[in-house]
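Here's the structure we're looking at; comments come further down.
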Amino acid sequence: MSTENTSPSAGQAATSLDKAPAPVDAPAAADGAVTAVDPRLLVREQGFGGYLAEFKRKIRAGDLGSIPVVLGLLIICVVFQSLNSNFLSAENLSNISVAMVGTGMIATGIVFVLLLGEIDLSVGSVSGVSGALFAVLSVTHGVNDWLALVIAIAGGALIGAIHGFFFARIGAPAFAVTLAGLLFWLGFMLQLLGDSGTINLPADSVVAKLTTYYFTDVAAAYGLALVAVVVFFVTSFLDSRRREAAGVPSRPLSEIVLRTAVLAVVAFAAAIMFNQYKGLPLALVIFLAVLVITDFVLRRTTYGRKIFALGGSVEASRRAGINVTLIRISVYSIAGTFAAVGGLFIASKIAAANQGAGTGDLLMNAIAAAVIGGTSLFGGRGRTWNALLGVMVITSIQYGLALQGIATPIVYMITGGVLLATVVIDSITRKTQKTAGRA
Amino acid sequence: MPDGTTSAAVPRTVPPHRVAGSLRSLLLDLRASPRRGIPAGQAAKEMVHVTATPVLALRGVSKRFGAVQALTDVELEVHSGEVVALVGDNGAGKSTLVKTIAGVHPIDDGVIEWEGRPVSITRPHDAQTLGIATVYQDLALCDNIDVVGNLFLGRELRSWGVLNEVEMERRSRELLTTLSIRIPSVRIPIASLSGGQRQTVAIARSMLGEPKLVILDEPTAALGVEQTAQVLDLVERLRERGLAVLLISHNMADVKAVADKVAVLRLGSNNGVFDVASTSQEEIIAAITGATDNAVTRRQSRTVEVQK
């Protein structure tokens, strides 16, 4: 190693170098490099035209987002309305929006798990345990309703954390762990319910009110719609202004106005519809609040970013210093929590905790809702709003077919067909995305 | 064992104006130096000697895995503003050496000196704290997250607990512009980028921690001609910013293009440190393959010893 024979003068040079700050920009190195822009680069133009061009390019590249499911919903509405004019009645739509909340809550938890690229098969049974736990505590043992509610939900979180522990810490496949959970918690629920098999919830219990309470004042529905529209516009506008101030590309005002207008039309149409029947359902308000909060957590917090990172590449996440085990356990705990919440809504809908809770097609419907809504089964892609869209599709089909008096076997077959169609769309768009370099 | 550096270590006089100048101006000076009649080799040597204390120095580092002696008494020095290429055949111990520096495998024997004082690096975190950034061969990026998200993955900027996307995006653009990295948008997922662009993003990401030493593990291994050129440009820019760079590569053309020194590993121990400008590619390859270790060279070295 000849580097040891350094002269004192060179040492001096080193000190002078240390004092000289590293150049912040490298104009010498950059000259000629920055000016020559690769003509193949797709640069999004500012303004509304740029937004439209970007949108078209995304569609062509197979980045369909929520478009297939929105189209699907429209088709469902048209078909069932032509078959039975009661389908789009305020009563039917209001009932659908209350009935979907239980499955929708479970699907929200499933979205979290799917973002990791994993699966949770136990959510159906866990939802049953939660309903049974509440009924046993509240009705049989006379525990305070609110305390029983908290215990039931905390129980779901704990059960989810146990699954997460076996998956993340022990390293057992999530599929097998949650399959075991499906059986175990089903047995646990049956054990809890005991010989009677069914515990009826009194109409004045907190859980029963979850799906029976409506804000009858017309101002409630309109007020909520107005608040949603205003908050959306203001946050979008402020965000855009902040981006402009920081000199990074921002959304043009025209785009914000367009988005706000679409939201306003949907929100006020829904408000008018609810007010024609019993008013704004409490269940839907809770569901929407959960969706807003979870969406915020996933997209605007470090925790959410870590979940997406894990869904993209576990190794990259680990190297970035993310505690993979902790995130995985917490995500399964979230799935368990939402399963428990969903279980309470389902128990509320039938005003009882019975042996059939959490069985049958509930699990499949919850997973299907998440996937139909546009959450990728391959991880790292999706939003909790997908759960809302997906569960709307599934519940609409169920209610539409029930209006026609079509029996359960046909309902199963049609729901299965819709799920297959969704997965096919997901796979095809993924292929298109790959060829377009966006997967 | 021929030591390329010894042969190149000609007595030299350092012009005072050059000593006083910053490394940056010195580098620019050197670019133009052949015209002033300074041999390229000597010019490169001056660059090597600009800093007295190496940023990183390995002294007699050894590492053993069970029955395998992966590294034996390895010596290595990397200075600020210097690109040192680490070359060697498959199984020569390059990756092991890098992992000892990065804290993945703690060393069994020897000393790692950081800016002149001995340090112990037992975890990747230790290395990061010292200012060592490692860009691994398999890219540590998440395909589904956009460029900004990947650059700040694990060290997101927050305001009131919420991700500060605007500031992260602004800083990302600044960083990418500084490094002259050109990508279509900082808001597209990594999946949309070409291999070369991904590699440059990975390297840019290592810069966010403001490291003093950047280790690049075969950064051009899977890249095409243009992408390789981009990455090599980036390596030069890192050097111009006064960083020490340890570059692992199998590609002699890349090494000749950007490195100042070449450290050759063979069977887990040093097989010479060469000055790139004054050494031919054949000599380096001979050191890598061990072609120099034959009867003729052994006899030569014996005669030298006898003469002493």
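In what order, largest first, do A:T235, B:T129 sit by accessible area if the probe radius is 1.4 Å? List each step's numbers first, then the result.
Working: A:T235 80, B:T129 100 Å².
Greatest to least solvent exposure: B:T129, A:T235.
If the convex hull of the alpha-carbon atoms of region A:193-318 is projected onto planes in all directions, what is the mean projected area in square nanometres?
Spelled out: convex hull of the Cα atoms, projected over all directions, averaged, 13.3 nm².
Would you tell me the mean number of C-beta atoms belonging to other protein chains that fall within 10 Å of each C-beta in B:160-167, as a whole number?
On the way: counts 0, 4, 4, 7, 3, 7, 9, 3.
Average per residue, whole number: 5.
Distance between Cα centroids, region A:324-351 to region A:104-178: provide it in whole Å.
So the two Cα centres are separated by 4 Å.
Could you state the principal axis extents of the C-alpha atoms in region A:217-277, from the largest down, to the nearest angstrom?
Reported extents, whole Å, longest axis first: 49, 16, 9.
Hey, can you grab everything whose amide H is under 5 Å from the amide H of A:L121? Only 5+ residues off in sequence or another chain; H modelled, so Pro and N-termini drop out.
Amide H to amide H, under 5 Å and 5 or more residues apart or across chains, A:L121 pairs with A:T178, A:L179.
Using protein chains only (no ligands, no nucleic acids) and a 1.4 Å probe, work out which residues of region A:312-348 have their accessible area cut by at least 10 Å² relative to the chain alone.
The answer is A:G312, A:S313, A:A316, A:R319, A:A320, A:I322.
Kindly provide the helix-only [θ] at 222 nm of chain A, computed as the sum of -39,500 (n - 2.57) over DSSP H runs of four or more divided by all residues, to the nearest 500 deg cm²/dmol? Spell out each step's value before the answer.
Working: 18 runs with 307 residues, N = 439.
After summing the helix terms and dividing by the residues of chain A, the value is -23500 deg cm²/dmol.
Quote the total accessible area buried by chains A and B together, excluding ligands, DNA and RNA, probe 1.4 Å, nearest 100 Å². Present the calculation step by step, with values, prior to reporting the outcome.
Values: alone 22900 and 15280 Å², together 33380 Å².
When A and B are taken together, about 4800 Å² of accessible area is lost.
Just list whichever of A:K431/B:K99; A:K58/A:K349; A:K306/B:K256; B:K212/B:K256 have alpha carbons separated by over 29 Å in the model shown. Before the final figure, lay out each step's value.
Working: A:K431/B:K99 37 Å; A:K58/A:K349 41 Å; A:K306/B:K256 40 Å; B:K212/B:K256 23 Å.
Listed pairs above 29 Å: A:K431/B:K99; A:K58/A:K349; A:K306/B:K256.
Given a Förster distance of 56 Å, report the FRET efficiency between A:N86 and B:N251 from their Cβ-Cβ distance, rounded to the nearest 0.05.
Details: r = 72 Å, r/R0 = 1.29.
The value I calculate is 0.20.
Say each of A:T359 and A:C77 gets a label point 7 Å from the Cα, pointing the same way as Cα to Cβ; how far apart are those two points in nm?
For the pair A:T359/A:C77, the computed spacing is 3.8 nm.
With every protein chain left in place and a probe of 1.4 Å, what is the accessible surface of A:W385, to the nearest 10 Å²?
80
How do B:216-224, A:208-216, B:157-165 rank on mean C-beta neighbours within 10 Å, highest first?
Peptide ranking by packing, descending: B:216-224, A:208-216, B:157-165.
Given the convex hull over the Cα atoms of chain A, what projected area results after averaging over all orientations, in nm²? Show your work: numbers first, answer last.
Values: hull surface 119.3 nm².
That works out to 29.8 nm².
With the contact rule set at Cα under 8 Å and sequence spacing of 6 or more, what percent relative contact order holds for region A:92-220?
Values: 101 pairs, mean separation 40.4, N = 129.
Result for region A:92-220 is 31 percent.
I'd like to compare A:402-409, A:353-360, B:270-277: which one has the highest average count of other Cβ atoms within 10 Å, and what's the full order after that?
Details: A:402-409: 11.6, A:353-360: 20.6, B:270-277: 22.8.
Answer by packing, highest mean first, reads B:270-277, A:353-360, A:402-409.
Bins of 10 Å, beginning at zero and ending with the bin holding the largest distance: percent of Cα pairs per bin for region A:304-439, please.
10, 32, 33, 18, 6, 1
Of the accessible area of region A:217-277, with the probe set at 1.4 angstrom, what percent is carbon plus sulfur? Each step should come with its number before you reach the end.
Working: 2610 of 3540 Å².
Carbon and sulfur atoms account for 74 percent of the accessible area of region A:217-277.
Quick check for me: using +1 on Lys/Arg Cβ and -1 on Asp/Glu Cβ, what's the dipole size of chain A about its Cα centre, in debye to the nearest 20? All intermediate terms of the calculation are to be shown ahead of the outcome.
Values: 29 positive and 22 negative charges, 154 e Å.
So the magnitude is around 740 debye.
Which whole-Hz ³J(HN,Hα) couplings does region B:68-73 yield from phi under the Karplus relation 6.51 cos²θ - 1.76 cosθ + 1.60, θ = phi - 60°, glycine and proline marked x?
These are the phi-based 3J(HN,Hα) values: 9, 8, 6, 10, 10, 6 Hz.
Give me the accessible area per residue for chain A, probe 1.4 Å, as a whole number in Å². Could the numbers behind the result be given before it?
Numbers: 20470 Å² over 439 residues.
Here the per-residue accessible area is 47 Å².
Please report, in debye to the nearest 20, how large the charge dipole of region A:217-277 is about its Cα centre when each Lys and Arg carries +1 at its beta carbon and each Asp and Glu carries -1 there. List each step's numbers first, then the result.
Working: 5 positive and 4 negative charges, 45 e Å.
For region A:217-277, the charge dipole is close to 220 debye.
The values are calculated or read from the model by the stated rules, or taken from the named source; none is laboratory data. What you see is a predicted model, and the numbers here were worked out from it, not measured in a lab. In this analysis, Cβ positions are derived from the backbone assuming ideal geometry, glycine residues included, and neighbour counts consider all displayed protein chains. Areas reflect the complete protein model, heavy atoms only, side chains present, ligands, DNA and RNA absent. Shrake-Rupley method; radii C 1.70, N 1.55, O 1.52, S 1.80 Å.
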